[in-house]
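Q: I have a structure here, written as structure tokens, and I will follow up with some questions on it.
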Amino acid sequence: MRNLYLYVIIILIALTSCSQSGKQYKIGVSQCSDDIWREKQNAELRMGAYLQGDVELHFAAAYDSDERQVQQIDSLVETGIDLLIVAPNQVATISPAIDRAFDKGIPVIVFERKTSSQKYTAFIGADNYEMGRVMGEYIASQLHGKGRVMEIMGLEGSSPAIERHNGFAEALKRFPNIEVVATLQGDWTEESAVKAVKAYQGDLSNIDFVFGQNDRMAMGARKTLSALNSELSTKFCGIDGLPGEDGGIRLVRDSILDASYIYPTHGDQIIELAVNILEGKPYEKETLLMSALVTRDNARVLLMQNEEMMRQSDYLDQLHHRADNYLDELDTQHLINWMSLGVIALLLIIMVLFYLYHLKKIAIQRERVVNTLWNMKPEDIPQAAAPEEPESHEEPTEDEPVTASLFITRFKEAVEKRLDESELSVEDLAADMNLSRVQLYRKVKSYTGSTPVELVRTARLNRGYQLLLTTDKSVSEVAYQVGFSAPSYFTKCFKEEYGLLPGDLRK
Ligand code: FRU
């Protein structure tokens, strides 16, 4: 019994503890725009989150709109993020929203583009000034220090546009024979470069080099200028140097662009930084990502390396899928296991309740046996109405007991004396008590409400009950000892009387 309780408790503890789930960091990612560079980075962010295991990412893309980005940051904060990763569209305009998040105690990682506020936890990105500077030097060296150059800037007010421009201008200072004929304003999109070049009023015929502050704008300028002049000798270079079909590396390899500069995305590294911050581990406040110039000399190698990496990551993807499927199966299996545990727990509870009910029933039966008329002391036996006058001629004798209790005590004695006789009849008992069969029947019936045969049977069963409880005798032995000629009949009567089998009493 005690064991049963123990099992039930263990199972209940196991069932409740299984509902506890692991911790999860909710990280908001506010991207200023949406393009192939951001797509690559978002994929890496997702991969990083997947590898970290307990990170949930919430993305928002502002499509180059300050207003939208401010709103998106505010609503990400409202959803209860644990950390904000943000690439601010412009330096100053997004800062108030970032400050609000930071002031609420949310750690902020500013990545790739800068903010004018100091309210951020960490910055991670590449050196845009250096990129502009290297591009300036590269172009100057390609032109042997002499030529006409055009620059197409990225979104006004965004930190990479400012820094790339400053680096570029700085590099060209050393080359007085390089003339920057125009610095056009774009917004990082190809269309913005197309528009800017088309709108340019100056001479486009003898530009030697166009520096697009990213590859997309360099391509916009190239398309526009080639449409104007089929004999075009102008060279184009940009920044981003993405791998893949539409990426800058292939454009360089195929001599569509003259050079590009890898602008690292490193989403997985950003997630790693985020998790370090969230877990209170040491981290760098400012992380500068490595980067490199892409020219025809290294474009092929870079592409090959990238293809190899893609192959490997395809394998990894497949492995992840397999692992995911396996985990799904495992989850289902767990669910089934928990369900069967639940069913087992339920069955155990039912068994315990049934067992308790059974014990109670036995207790009631015991009480019933103790309280039965047959076991009562003569003075406790309720007085019954006087027996009706017998219809037979056999009148009661003078010395016959007059009170019910005395009569029943005598009857009980007479019965108990001969309880082991299976052939015992009412006539025998009547003779023992000097009564006729009919007299005995009537008296017994009127004092007790039962017939002599019923009482003899009750007496036999009561004795049997006592013997089963107090001796080691078998059920058959007991049955014979209390005057049943067949043990099976004893068992049947016993079950009717006490609601349980003689064998169960022993258990
Ligand atoms: C991507 C992008 C890149 C560019 C960078 C500047 O959204 O426009 O092409 O190098 O952002 O922040």
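Q: Quick test of your reading of the structure: residue 440 fulfils all but one of (1) more than 60 Å from the chain's Cα centre (by Cα); (2) open to solvent by 10 Å² or more (accessible area, probe 1.4 Å). Name the failing condition by number.
A: (2)
Q: If a residue must be away from the ligand (no atom under 14 Å from the Cβ) and part of a helix (DSSP H, G or I), how many such residues does the stretch 67-83 contain?
A: Matching residues across the stretch 67-83 total 11.
Q: Please find, within the stretch 164-179, the residue that is surrounded by the most Cβ atoms within 10 Å (Cβ to Cβ) out of those that are without any contact (Cβ under 8 Å) to a residue 40 or more places away in the chain and closer than 30 Å to residue 65 by Cβ.
A: Here the residue is 167.
Q: Something else now. Check 90, 52 and return the single one that is away from the ligand (no atom under 15 Å from the Cβ) and polar (S, T, N, Q).
A: 52
Q: While we're looking at this one, here's another question. Of all residues in the stretch 84-100, which are part of a helix (DSSP H, G or I) and either over 34 Å from the mean Cα position of the chain (by Cα) or polar (S, T, N, Q) (or both)?
A: Answer for the stretch 84-100, where residues must be part of a helix (DSSP H, G or I) and either over 34 Å from the mean Cα position of the chain (by Cα) or polar (S, T, N, Q) (or both): 95, 96.
Q: What pairs come up if the first residue lies in the stretch 43-55 and is under 22 Å from residue 244 (Cβ atoms) and in contact (Cβ under 8 Å) with a residue 40 or more places away in the chain, the second is of a type outside the set (Asp, Glu) and open to solvent by 60 Å² or more (accessible area, probe 1.4 Å), and their beta carbons are under 7 Å apart, counting only those six or more places apart or on different chains?
A: Sorted first by the residue in the stretch 43-55, then by its partner, the pairs are 44/266.
Q: So which residues in the stretch 230-250 are in contact with a Ser or Thr (Cβ under 6 Å, 6 or more places away or on another chain) and free of Cβ contacts under 8 Å to residues at least 12 places away in the same chain, if there are any at all?
A: Listed by number, the list holds a single entry, 232.
Q: Determine whether the stretch 131-148 contains at least one residue that is within 16 Å of the ligand (Cβ to nearest atom), on the phi < 0 side of the Ramachandran plot and surrounded by fewer than 20 Cβ atoms within 10 Å (Cβ to Cβ).
A: No, the stretch 131-148 has no match at all.
Q: Just checking, does the stretch 198-206 include any residue being modelled with pLDDT of 95 or more and within 16 Å of the ligand (Cβ to nearest atom)?
A: For the stretch 198-206, residues modelled with pLDDT of 95 or more and within 16 Å of the ligand (Cβ to nearest atom): absent.
Q: Okay, next question. Which of the residues spanning the stretch 1-58 are in a loop (DSSP other than H, G, I, E, B), at pLDDT below 50 and surrounded by 12 or more Cβ atoms within 10 Å (Cβ to Cβ)?
A: 18, the sole residue that qualifies.
Q: Being away from the ligand (no atom under 13 Å from the Cβ) and not aliphatic (A, V, I, L, M) is the filter here, so list the residues in the stretch 212-230 that pass it.
A: 222, 223, 224, 226, 229, 230
Q: Scan 195, 281 and give me the residue that is open to solvent by 40 Å² or more (accessible area, probe 1.4 Å), modelled with pLDDT of 95 or more, closer than 30 Å to residue 81 by Cα and out of contact with any Ser or Thr (no Cβ under 8 Å at 6 or more places or on another chain).
A: Of 195, 281, the one residue that is open to solvent by 40 Å² or more (accessible area, probe 1.4 Å), modelled with pLDDT of 95 or more, closer than 30 Å to residue 81 by Cα and out of contact with any Ser or Thr (no Cβ under 8 Å at 6 or more places or on another chain) is 281.
Q: Tell me whether the stretch 183-191 contains one or more residues that are over 24 Å from residue 88 (Cα atoms), open to solvent by 40 Å² or more (accessible area, probe 1.4 Å) and among the charged types (D, E, K, R).
A: no
Q: Still on this structure, please answer the following. Scan the stretch 295-331 residue by residue and report those that are within 26 Å of residue 262 (Cβ to Cβ), open to solvent by less than 60 Å² (accessible area, probe 1.4 Å) and charged (D, E, K, R).
A: None; the set is empty.
Q: If you go through the stretch 231-258 one residue at a time, how many are touching a strand residue (DSSP E or B) at 6+ places or on another chain (Cβ under 6 Å), in a strand (DSSP E or B) and within 16 Å of the ligand (Cβ to nearest atom)?
A: 2
The values are calculated or read from the model by the stated rules, or taken from the named source; none is laboratory data. All values reported here derive from a predicted model rather than from experimental measurement. Note that each Cβ is placed from the backbone with ideal geometry, even for glycine, and that neighbours are counted across all protein chains shown. Only protein heavy atoms, including side chains, enter the accessible area calculation; ligands, DNA and RNA are left aside. Shrake-Rupley method; radii C 1.70, N 1.55, O 1.52, S 1.80 Å.
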